[in-house]
Amino acid sequence: MGMVTAHYAVEGDGFYGLPLQQYLPYAASRTWHLQLAVFWIATCWLAAGLYFAPRFGKQEPKGQVWGNGGLLIALTVVVVGSLIGSWASVQGFLTGDNSFMFGHQGYEYVELGRLWQLLLIGGMVFWLWLMFRALRPALKAEGNKTGLNHFFFYSAITIPLFYAAGLMYNNHTSLSMAEYWRWWVVHLWVEGFFEVFATVTIAYLCSELGFLKKSSALRATYLTTILYLGSGVIGTLHHLYFAGTPSFIAAMGAVASALEVVPLTLIGFEVVKTLRMSEQAERFYRWPLRFFLATCFWNLVGAGVFGFLINPPIVLYYSQGLNTTPIHAHSALFGVYGCLAIALMLFSLREIVPDRAWNEKILRFSFWSLNGGLGMMMVLGLIPNGFYQLMQSINQGTWYARSAEVIGSSWMQWTVWLRIPGDIVFTLGSIGIVVFTVRAVYSVFHQPTQLGPSEAVSPAVEGQ
């Protein structure tokens, strides 16, 4: 979907001569591209929570498998229904209130119709209940309400809670008010509390496996919570420059937002230091940890450097709505959340997949293809494309930077074509992940005796 959407910039009415615009218009392909990314990341993280909760709680609650299966079916209904609904709205089959309810809300990141949004919130609440059932023994045993088990559960609560901020407006709400609450979803849910959940999960897991001191894990967890609860709401305000927000408020938001990358980056540095002292542990969890370290790298570069590059009010005044935003968006959304989704998946798989089916060659190829392809996409396409448009905005004005004269210029056209090498390399890496996962899951269901988590963890523990 990303390649199809990007291609519309150079061939506006088709795909290499095929009249794709008639069947999958640009607005629909862009919606599918973004929504599928969010759905895939959310599904990986919800699944990781369902795996780690009974692992941390030391027991699998009775009937949990039926709850997990029911949640998967519910998520499938929401994903398929919302994709069909958004396409039907773009094509004009759904209009007015029906479009808002069943089709396309018209807002980026919350494109899905209100019905699918409500069902998704219901699914996440059900997921939270499944998590609580599995984690309850660990919560009781811990006693301390500020321990890692409790913070793991607290962070899970924020996922359905802050996504529900998207219900604070409807299709008759003024644009400024709707944008305010939409950014609560985009910034505080996608960029915020999902990262709290991720930081707590990784800190908890790494401390349990001996890659991270428990004191460091708790410190990172507290720091994350303080930053997101203390500065997360303020940080959201840097998105609202054109919604009437005063400049000094937007400036405070830009600074607060830049601090959000600190905790996960600190954990990454400590894990690297610990891995150097534990070759055996590193060997067993090599690729899950590599993807986690890629998360820390892109968190610093994509979310941090490229995010703060466009956040200060004086820059945002010129760069809002230009192709500078996709530089940050692609490197942060896949670089941070995509790599972390894969890391969580691989951590889970590593403990149940036998060594004979754990193909490190495919993982090595996928790791470098995904990260290398993303880097090529940045350097060859998005950065020269976005910065050229930014210079036009500074010199001539935003109206000119968004005009057909600039958008259709030879420079902009060539930088879109130059995305092709990175897109192809990235796609090959994603195909590798699919192949690896199918082979790994197939091996679990077709082996005489299954490797248990306790057996799988022992090499890492012994390595310490």
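The values are calculated or read from the model by the stated rules, or taken from the named source; none is laboratory data. Keep in mind it's a predicted model, so treat the numbers as computed, not measured. Cβ coordinates were reconstructed from backbone atoms using ideal geometry, including for glycine residues, and neighbour counts include every protein chain displayed. SASA here: full protein model, heavy atoms, side chains in, ligands and nucleic acids out. Shrake-Rupley method; radii C 1.70, N 1.55, O 1.52, S 1.80 Å.
Structure summary
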| read-out | value |
| --- | --- |
| Selection status of S393, over 26 Å from V196 (Cα atoms), assigned to a helix (DSSP H, G or I), in contact with a Leu (Cβ under 7 Å, 6 or more places away or on another chain) and open to solvent by less than 10 Å² (accessible area, probe 1.4 Å) | yes |
| Test for L115: is it closer than 28 Å to Y26 by Cα, modelled with pLDDT of 95 or more, assigned to a helix (DSSP H, G or I) and of a type in the set (A, V, I, L, M) | yes |
| Test: A243 is open to solvent by less than 40 Å² (accessible area, probe 1.4 Å), in contact with a Phe, Trp or Tyr (Cβ under 9 Å, 6 or more places away or on another chain) and modelled with pLDDT under 75 | yes |
| Answer from V80, V110, V125 - the residue that is surrounded by fewer than 21 Cβ atoms within 10 Å (Cβ to Cβ) and in contact (Cβ under 8 Å) with a residue 24 or more places away in the chain | V125 |
| From the options I314, I327, residue that is open to solvent by 40 Å² or more (accessible area, probe 1.4 Å), in a helix (DSSP H, G or I) and without any contact (Cβ under 8 Å) to a residue 60 or more places away in the chain | I314 |
| Some residue of region 296-306 being part of a helix (DSSP H, G or I), of a type in the set (S, T, N, Q), within 23 Å of W189 (Cβ to Cβ) and touching a residue at least 24 places away in the same chain (Cβ under 8 Å) | yes |
| Considering residues of region 62-77 that are part of a helix (DSSP H, G or I) and not hydrophobic (A, V, I, L, M, F, W, C) only, the residue surrounded by the fewest Cβ atoms within 10 Å (Cβ to Cβ) | G69 |
| Matching option when the condition is modelled with pLDDT of 70 or more and open to solvent by 10 Å² or more (accessible area, probe 1.4 Å), among T225, T201 | T225 |
| Options Q59, Q35, Q21: the member that is part of a loop (DSSP other than H, G, I, E, B) and either surrounded by 16 or more Cβ atoms within 10 Å (Cβ to Cβ) or of a type in the set (S, T, N, Q) (or both) | Q59 |
| Selected residue [part of a helix (DSSP H, G or I), without any contact (Cβ under 8 Å) to a residue 24 or more places away in the chain, open to solvent by 20 Å² or more (accessible area, probe 1.4 Å) and out of contact with any Lys or Arg (no Cβ under 6 Å at 6 or more places or on another chain)] from F162, F153 | F153 |
| Test: residue in region 347-363 that is open to solvent by 30 Å² or more (accessible area, probe 1.4 Å), touching a Pro at 6+ places or on another chain (Cβ under 8 Å) and under 30 Å from Y51 (Cα atoms) | yes |
| Qualifying positions in region 133-149 - within 22 Å of K213 (Cα to Cα), open to solvent by less than 50 Å² (accessible area, probe 1.4 Å) and at pLDDT 85 or above | L135, A138, L139 |
| Pairs with Cβ under 7 Å, 6+ apart, first in region 374-389 and within 14 Å of S331 (Cβ to Cβ), second among the basic types (K, R) | M377/R419; L380/R419; G381/R419 |
| Qualifying residues in region 409-435 (those that are open to solvent by less than 30 Å² (accessible area, probe 1.4 Å) and modelled with pLDDT of 95 or more) - the one farthest from E360 (Cα to Cα) | G429 |
| Every pair of residues 6+ apart whose Cβ atoms lie under 7 Å, when the first sits in region 201-220 and is touching a residue at least 24 places away in the same chain (Cβ under 8 Å) and on the phi > 0 side of the Ramachandran plot while the second is open to solvent by 10 Å² or more (accessible area, probe 1.4 Å) and part of a helix (DSSP H, G or I) | G210/V461 |
| Any hit, region 335-355, residues being outside any helix (DSSP H, G or I) and on the phi > 0 side of the Ramachandran plot | no |
